[in-house]
Each structure stands twice: as C-alpha cells, then as structure tokens.
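The values are calculated or read from the model by the stated rules, or taken from the named source; none is laboratory data. Source: prediction; values computed, not measured. For neighbour counting, all protein chains shown are included, and Cβ atoms are generated from backbone atoms with ideal geometry for every residue, glycine included. Ligands, DNA and RNA are stripped out before the accessible areas are found, and what is left, the full protein with its side chains, is counted by its heavy atoms. Shrake-Rupley method; radii C 1.70, N 1.55, O 1.52, S 1.80 Å.
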Amino acid sequence: MISVQNHLLPLSGNKWLLFFITALILGACSPKVQPVSTSVKKQTERPVTKAEEKAAAKPETKVHVISMILPLGLDHVAPRNYSSAGLTQANMSVEYYQGFKLALDSLAGSGANFKLQLYDSKDDASAAHSLAYNPQIRTSDFIVGPVFPEGIKVFSATMGLRAPILSPLSPASPATIKNNNLITAITPLEYHAWGAAQYINDKIKPKKIFILRSGFSQENDYVVNFKKATDSLGKKKVKVVSVVISRGQLSGLVPQLSKTEQNVFVIPATDQAFLGVTLRSLDTLNKNYPVTLFGHPSWEKFSFLKTDMLQRLKTHITSTDKINYKQEATITFLRNYRKAYHVEPTEYAIKGFDEGLYFGTQLFEGNKGMVDLDKTDFTGIHNNFYFVKKTGLGWVNAHVNILMYTNFELKQVE
C-alpha cells in the first residue's frame with residue numbers, strides 16, 4: 001500500500017500539472033503494478049530457514065515514511081508565470097516523482113507499505129532551510145532531495161543526522177555538502193576520473209599519458225583526481241603530461257609521441273569550440289601516431305561531436321547509465337509506465353524508478369538507516385549502484401562504466 005500526502009497548491013491551465021495533481025489525489029488508492037525485477041547482488045547469502053519463510057509470508061505492517069523535496073515551483077500558480085528554466089525544473093520533478101512512485105507501487109505489490117510525502121523546494125535555499133524544520137519531514141524514515149547542491153547543502157546542515165538524505169540527481173561532490181547521512185546516487189566526476197585511470201592502467205598500460213586542457217578552471221576537478229589515481233595505480237611510474245592547447249596546436253607534443261604504440265590522450269574539456277578544433281587536430285595526428293582518446297562523461301550527450309571521428313580516435317568515455325532496451329526488466333517498466341501515465345518515460349523518470357526500487361527495497365528489508373548500502377549492489381534499468389562509505393561525506397555511488405565508440409555507437413567495454 002502507498003499513501004501519498006499532498007502538500008501542493010492547486011493549479012490550472014497546464015495539462016501535465018493537472019494530471020500530476022490528480023495523480024496525487026488518487027495516490028492513496030493507486031493500483032498495484034506488476035513488480036519489475038532487477039539484479040540485486042548480496043555480498044553474503046545463506047539458506048532461508050522455515051521460520052524465516054513463515055515470517056516473510058506475513059503481510060508488511062510497518063509504514064515507511066519517505067519525504068520527497070523537489071523544485072516544483074508551484075508558487076508561480078499559473079504555467080504562464082513559469083520561466084523557461086522553472087518549467088524545465090517542474091517537468092523534471094514530475095517525471096522523477098512518477099518514476100519513483102511507480103517503483104514503490106511495484107514494491108507495494110509484494111507487501112511493502114509506504115507513505116510518500118511531497119514538498120516543493122522552489123529551488124530556493126531559504127525554502128529548503130524552512131522545510132528542514134518541518135516536523136513531518138524530520139520524523140521521516142528517508143528523505144529524497146532537495147535536488148540542487150545549494151539547496152541540499154542548506155537543508156542537510158539544518159537537518160543534521162536525523163535521517164538518511166538522498167541527493168537524487170546531482171553528481172556534485174559530497175565534499176561540498178559534508179553530511180555523514182548524505183547518499184549521493186549519481187557518481188561524482190572524481191570517480192569518473194578514477195575509473196578512466198583504472199582502465200588505462202589495467203588494459204593499456206602506457207608509459208606516458210597526455211592531458212589536453214582548454215584552460216578553463218572547471219576541468220581541474222577531473223585533472224587533479226585523474227593524476228592522483230594514475231600516480232596511485234601506476235606507483236608513479238607513468239608520466240602524466242598536462243598541457244593547455246590553443247587553436248588545436250599539437251605540434252609541440254610530436255617529439256614525445258610513438259609511431260608504434262598507442263598514444264593515450266585525455267581531454268576533460270566540454271567547450272564546443274575547443275573540442276571541435278582540438279579533435280580535428282588529433283584526428284590529423286592519428287594518421288601517423290596511433291591515438292587512444294578518453295573524454296569527459298558529458299560527451300555522451302553532445303550531438304555536435306562526430307561519431308566517425310570519435311571512432312577513428314578510439315574514443316572511450318566513462319558513464320554511469322546505459323539502458324538495455326532488450327532486457328525483460330526494461331520492457332516491463334516501459335509497459336507499466338505507459339499504462340500508468342500515458343506518456344513515454346524520460347531519463348528522470350527512469351532514474352526515479354531505479355532509485356525508488358533500490359531504496360524502497362532497503363526500507364522494506366529493514367535497512368531503515370541505510371547503514372548497510374555497501375552490502376547490496378544494484379543493477380537498475382538506467383543506473384547501477386555500488387556504494388562506498390566516506391567518513392563525514394556519507395555514502396557515494398562509485399560505479400562507472402567504460403564505453404567505446406564501435407560500429408558508430410557507444411558500447412560498453414567494462
């Protein structure tokens with residue numbers, strides 16, 4: 001069973017908002033959907049006793065209270081008062097909520113009992129601060145949100161260590177928030193850097209790695225962590241050459257390149273103009289000096305990058321999400337989502353479903369304080385979870401996939 005409390009202002013004039021409010025009102029009697037199976041790996045397993053089987057057969061009686069804080073911006077009242085950014089946030093919030101609730105519905109069909117409370121953070125730090133004093137939130141078993149780093153920083157500082165707090169959609173480093181009860185579900189950039197360094201060290205084993213930088217400061221987080229990982233994994237035997245490239249000029253690197261072995265390049269940049277000229281220069285260089293390239297995880301979503309060029313450069317990128325549309329769990333989810341909401345699920349809906357299923361299962365199985373996340377890995381439809389505990393920073397998802405451009409598409413290599 002799932003009961004949904006409505007803490008939202010009534011709206012009119014927008015189809016998706018009206019549908020959303022209707023869904024909340026009907027939430028207490030929402031139909032159960034077919035459970036969606038995903039791969040959950042326990043670190044330790046043992047035979048189930050008859051007593052445990054008997055206990056497991058009893059219906060779930062405990063109500064698990066989940067408070068969800070999303071940037072709905074409902075104080076705008078009419079859709080015409082939303083800014084473009086505000087409407088995007090509101091849509092994202094509704095999509096994430098729908099996926100999360102669908103997961104709880106699936107678990108409810110197996111006997112779980114949830115009470116989902118929804119609140120509007122308005123993407124405002126002062127509103128997040130006020131919500132942290134709300135007694136209904138403070139007594140929750142689990143809190144989802146706020147979504148954006150500044151809001152969750154203020155909220156978690158005020159909440160303290162009362163309940164686990166999930167950062168659901170932001171890959172911001174937990175070091176900027178510093179709460180031991182925080183759970184960062186989206187892998188932060190530093191783990192992407194470590195994942196790339198691990199793969200290069202284990203599979204390619206180069207003597208030298210070239211980092212091509214645009215000079216923008218936002219690349220520092222990736223570069224610093226990549227160097228640290230390479231030094232640690234390679235025991236400081238691998239030379240890392242970091243250089244700022246201007247107008248695609250790579251001629252200064254030629255004396256250090258090999259014509260017989262793979263020359264490994266790492267580009268942490270995301271600037272379109274820089275990438276355009278630098279990749280073309282690297283493609284020219286590749287005609288005489290074999291290149292293997294590692295790019296920023298954001299490249300996966302950049303339509304301006306040319307797939308044929310990336311394939312020639314043996315381009316790898318790190319990623320935390322890769323949907324297999326052929327697997328049974330995905331097919332079942334898509335069918336259930338369309339039936340429930342009459343629309344196609346977005347990336348945020350799928351992330352909401354994965355997180356709702358994983359953390360809802362944790363509550364259902366008795367991990368109320370989320371103290372044992374490292375004992376259960378999770379393979380979802382969109383995301384995988386491999387949590388590590390960081391003192392003072394909480395739980396961090398460290399899972400990273402390595403993808404490579406092959407046959408004009410990204411395919412997982414590890």
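Quick notes on this structure:
- Residues of the stretch 192-217 that turn out to be open to solvent by less than 40 Å² (accessible area, probe 1.4 Å) and either touching a Gly at 6+ places or on another chain (Cβ under 8 Å) or in a helix (DSSP H, G or I) (or both), as a count: 7
- Number of residues in the stretch 393-408 that are at pLDDT below 95 and on the phi > 0 side of the Ramachandran plot equals 2.
Residue-wise test of (1) under 30 Å from LEU104 (Cα atoms); (2) part of a loop (DSSP other than H, G, I, E, B); (3) in contact with a strand residue (DSSP E or B) (Cβ under 7 Å, 6 or more places away or on another chain).
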site: LEU253; (1), (2), (3): no, no, yes
site: PHE274; (1), (2), (3): no, no, no
site: THR284; (1), (2), (3): no, no, no
site: LEU293; (1), (2), (3): no, no, yes
site: LEU305; (1), (2), (3): no, yes, no
site: LYS326; (1), (2), (3): yes, yes, no
site: ILE331; (1), (2), (3): yes, no, no
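- For the stretch 238-259, the tally of residues that are open to solvent by 80 Å² or more (accessible area, probe 1.4 Å), touching a residue at least 12 places away in the same chain (Cβ under 8 Å) and of a type outside the set (A, V, I, L, M) stands at 4.
- Candidate set: the stretch 341-368, residues that are small (Gly, Ala, Ser) and open to solvent by less than 40 Å² (accessible area, probe 1.4 Å); chosen: the one nearest to the chain's Cα centre (by Cα): GLY352
- Among the criteria (1) farther than 20 Å from TYR341 by Cβ; (2) touching a residue at least 12 places away in the same chain (Cβ under 8 Å); (3) open to solvent by less than 50 Å² (accessible area, probe 1.4 Å), the one TYR82 does not fulfil is (2).
- Residue among ASP354, ASP377 that alone is in a strand (DSSP E or B), out of contact with any Pro (no Cβ under 7 Å at 6 or more places or on another chain), closer than 27 Å to VAL63 by Cα and at pLDDT 90 or above: ASP377
- Residue check for ILE323: within 30 Å of ALA112 (Cα to Cα), at pLDDT below 95, hydrophobic (A, V, I, L, M, F, W, C) and open to solvent by 20 Å² or more (accessible area, probe 1.4 Å): yes
- With respect to the conditions (1) in contact with a helix residue (DSSP H, G or I) (Cβ under 9 Å, 6 or more places away or on another chain); (2) buried (at least 18 other Cβ atoms within 10 Å of the Cβ); (3) touching a residue at least 60 places away in the same chain (Cβ under 8 Å), LYS178 falls short on a single one, namely (2).
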